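Once you've had a glance at the structure underneath, I'll fire off some questions.
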Amino acid sequence: MSRLAPIAITGLGCLSGAGVNLAESMQTLFSNQRNPQPSRRFTTGHPHCYPVLELPAEFTLPLDNQEKVYARSCQLALVAAREALTDAGWDERSLRGKRVGVCIGTTIGCALNCDDFYRAYKEDDNPDIGIIKRYLYSNPAAVIAQQFRLDGPTQTIANACSSGTDAIGIGSSWLRAGACDIVIAGGADELARVTYSGFSSLMITDPEPCKPFDLKRKGLNLGEGAGMLVLEHEEVRQEKKVRGYVLGYGTACDAYHLTAPRPDGAGLKQALAEAFATAGVSAKQISFTNAHGTGTPDNDRVESRVLNEILPGVPFVSTKGYTGHTLGAAGGIEAVFTLACLQRKEIPANIGFSEADPELPATPVQENTRIEGDIALSESLAFGGNNAALILARGDA
Amino acid sequence: MRMAIQGIGICGGFGQGVAALRAALQTGRVEPQEVCIEHKGMTDRLPVYQAAVDGLTEFIPKRALRRIDHFSKMTLLGACLALKDADLLEADRSRTGVVIATGYGTLKTTFDFLDSYLDFGYSCSSPTHFSNSVHNAAAAHVSMQFKATAPSLTLTQFEMSVSSALLTAQIWLAENRVDQVLFGAVDESCEVLHFWRKKFFAEGEQGPIRPFALETQSAVVGEGVSFLLLTRAEQDAAYAFIDRVKLGNHDVCSLRLPQDVRLIVGADGHKETGPWYAQVLKDRTATAYAPLYGSFPAAAGFDLAVAALMLRERKLYLLEDQGVPETTDLQATEEKLACLKFGPAGDYGLIQLSN
């Protein structure tokens, strides 16, 4: 693959258990705080109560009545998209007449996991058909396009935990191909009983706050949130300052197992090679990596080995200790964090890590760390064997 | 960037393979199966275009399919048929991308997973059902089966899934990320889907589908898979070329249809999309093929396969209830078709093809 044109990022927005906007999230990350707790949104009869990272209880999503009709993943996506558009200086009126694409990654946000409806259906308890209607009206990319009255391509990517990273990579390609002028790209996902039950059934959920890359890591903590970027074609952006650039994107499939990463990391290495080639940069230019770092034994082992081989000595951090694993939103949130850290020239401590695992050749940063350089990597691994990587650069805004 | 269609793998209510699709086009009629739905002591009978996956064992041993659900089996069958049609079953697939478009994903396994904890308690949630209920499980099975280590993508955009997914296939080829793309559109039906559609549409689900009765609900549930093997257009196309893919919203910015194309519309008996077709078609003639395979989001992939087949064979098949001759020869040296699909909010996908 050859080098592709860089794509300007003009706006950022995010919310998660780490904060309800980008500024608050960065404050949380650099004060090394987190607050995993039992879910307030649902209950289950699980013998263990696994902690999750939810939005603060006192926070009400700033939505109008129409927007409150949508599923929560869409609501989170709308809030993050609005923050990113405002950051980029756009509103509904100024977007009129532009070709604006929306590319959003999600998992729960596109699945018919309506267990309240299904329970009533099974029990013949007059199931509320409104739940199905809400599902049918709640495709995240379509909802953003409708709410902002956008005309352009829409795509909701369901590539499990790499969805958000893939959405940013594909949205960038839309601009290069001339499919639109502006793209809102990122990821959004809500917490749900279904994923909570699913991940606990796979026995990859930590009953305590998660510990990415630590010797005693037991698994992930789930989270909820959204992270959005506004990407602009140079002809639209003109003299506007940029938050950063998407320099490159790579993706590859392990073709190995439905849920486990390939032990030799071949798929991740291939995705990284493609990302570097399309960015036209070398590993030596990477100032830090925002790792996938779920805290599961398998993921962290593979990722540590690959990072040690491809990016030896380059500092890395998993921010999932602060946000939980937000699944389809993770790639979006972590791309936003990566850009904000580039701007700040500092990365936060990998919260939860305290004891090195001898099986892991590389370990993450244990304290807030100054970084040199203008380019960073954000990577995601996913069920289905998907690996995706973004090379991002600092902007001037 | 143009793409070339080198193979088709299709399976629906009409049978499996290109020959079965051609036969359906020639006869102009496919009868849906009658499905009995029993729910809490009540029995409903509903027409459904169901897809059988018997042919899959020609390609994959039965033993290897034991834990694979119907949705993924349909997906695998479509992929195998497309590769066979393109004579690439034995080829190296390290540069083959996989793109799967689906409106609903794997419904049955999603509900099987819910059954596991609703029936037996949360501690009995099934990890197998959970991992297979994830939307991209089918794409993963395809990648694993064919050792396809290039990019794999699953997306879900209801009625826009197919056109949106084609955009990604096009970009992967243009950016040289892959040399070919296994592009699949797949959806399945299930009892819960039938239940909710009955609630929404009542007797409107009994068929027959009348695509151009745009103010009438006449949809019939369908399921199936349609795969295309796509390459860059620098190679000759075994079937046809995809010239352009455009997505937008007619309600926000009016769609202007190209004048030099024959139109295949995705009108499938859903009256909520009828006004959009009525607005853009006006006096234009168009054809629709939903009566051959039913109403489901991924059926837009079937329209695409029909267009590709007709361009290769230079025949325009017209269904009997559309009041026109059954077959028209496509005489022009450069023949163009376009597949148009509307969603309920005016969102559209327009795919232009030529021979």
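Rule-based calculations on the coordinates, nothing more; no lab input. As the structure is a computational prediction, the values presented were derived from the model and not from experiment. Cβ: placed from backbone, ideal geometry, glycine included. Neighbour counts: every protein chain shown.
For a quick check of your reading of the filter: which GluC sites (Glu not before Pro) in region B:234-323 sit in a DSSP loop and have no more than 16 other Cβ atoms within 10 Å?
Working: sites: B:Glu234, B:Glu272, B:Glu313, B:Glu320; in loops: B:Glu234, B:Glu272.
Passing both the DSSP loop test and the Cβ count: B:Glu234, B:Glu272.
With the cut-off at 25 Å, tell me which of the pairs A:Lys68/A:Lys211; B:Lys40/B:Lys108; A:Lys218/A:Lys320; B:Lys108/B:Lys199; B:Lys198/B:Lys282; B:Lys315/B:Lys341 have Cα atoms farther apart than that.
Values: A:Lys68/A:Lys211 35 Å; B:Lys40/B:Lys108 19 Å; A:Lys218/A:Lys320 14 Å; B:Lys108/B:Lys199 19 Å; B:Lys198/B:Lys282 31 Å; B:Lys315/B:Lys341 22 Å.
The pairs that break the limit, which is 25 Å between Cα atoms, are A:Lys68/A:Lys211; B:Lys198/B:Lys282.
Please list, or write none, the aspartates and glutamates whose alpha carbon is within less than 14 Å of the alpha carbon of B:Lys147, excluding same-chain residues fewer than 8 places away.
Counting by Cα, and skipping residues close in sequence, B:Lys147 has these aspartates and glutamates nearby: A:Asp254, B:Glu90, B:Asp92.
OK, next. Got a sec? Charge dipole of chain A, +1 on Cβ for Lys and Arg, -1 for Asp and Glu; which of A:Leu55, A:Gly187, A:Gly225 is way out at the positive end?
Value: A:Gly187.
Taking each pair of different alpha-carbon atoms in region A:60-205 once, compute 1/r for the pair, average those values, and report the inverse of that mean as the Kirkwood hydrodynamic radius in Å to one decimal.
On the way: mean 1/r = 0.0616 Å⁻¹.
With all distinct Cα pairs of region A:60-205 included, I get 16.2 Å.
Turning to a different aspect of this structure: Would you kindly state the longest site-free stretch of chain A, with sites defined as chymotrypsin sites (Phe, Trp or Tyr not before Pro) in a DSSP loop (not H, G, I, E, B) surrounded by at most 16 other Cβ atoms within 10 Å?
Values: sites that count: A:Phe42, A:Phe59.
It works out to A:60-397.
Right, something else. On the principal axes of its Cα set, how long, how wide and how thick is chain B? Give whole Å, largest value first.
Reported extents, whole Å, longest axis first: 62, 49, 40.
Using Cα pairs under 8 angstrom and six or more residues apart, how large is the relative contact order of region A:1-119, in percent? Don't skip to the end; give the middle numbers.
Working: 98 pairs, mean separation 35.5, N = 119.
Relative contact order for region A:1-119 comes out at 30 percent.
Now a separate question. Below 8 Å between Cα atoms, with a sequence gap of 6+, how large is the relative contact order for region A:7-394 in percent?
24
Also, I was wondering about something else. Within region B:236-301, which chymotrypsin sites (Phe, Trp or Tyr not before Pro) sit in a loop by DSSP and count at most 13 neighbouring Cβ atoms inside 10 Å?
none
Which loop GluC sites (Glu not before Pro) in region A:367-397, with loop taken from DSSP, have no more than 14 other Cβ atoms within 10 angstrom of their Cβ? If you can, show how the numbers build up before the last one.
Details: sites: A:Glu367, A:Glu372, A:Glu379; in loops: A:Glu367, A:Glu372.
Passing sites in region A:367-397 are A:Glu367, A:Glu372.
On average, how much area does the Cα convex hull of region A:7-394 cover when viewed from any direction, in nm²?
17.9
Shifting gears a bit: Sort largest first and round to whole Å: the equivalent ellipsoid semi-axes of region B:67-174, each the square root of five times a Cα gyration tensor eigenvalue.
Working through the eigenvalues yields semi-axes of 29, 16, 11 Å.
Based on alpha-carbon centroids, what's the gap between region A:310-383 and region A:180-243 in Å, whole number please?
13
Stretched out fully, how many nm does the piece from A:Glu367 to A:Glu355 gain, at 0.36 nm a residue minus the Cα gap?
Values: separation 12, 0.36 × 12 = 4.32 nm, distance 1.35 nm.
Gain in length upon complete extension: 3.0 nm.
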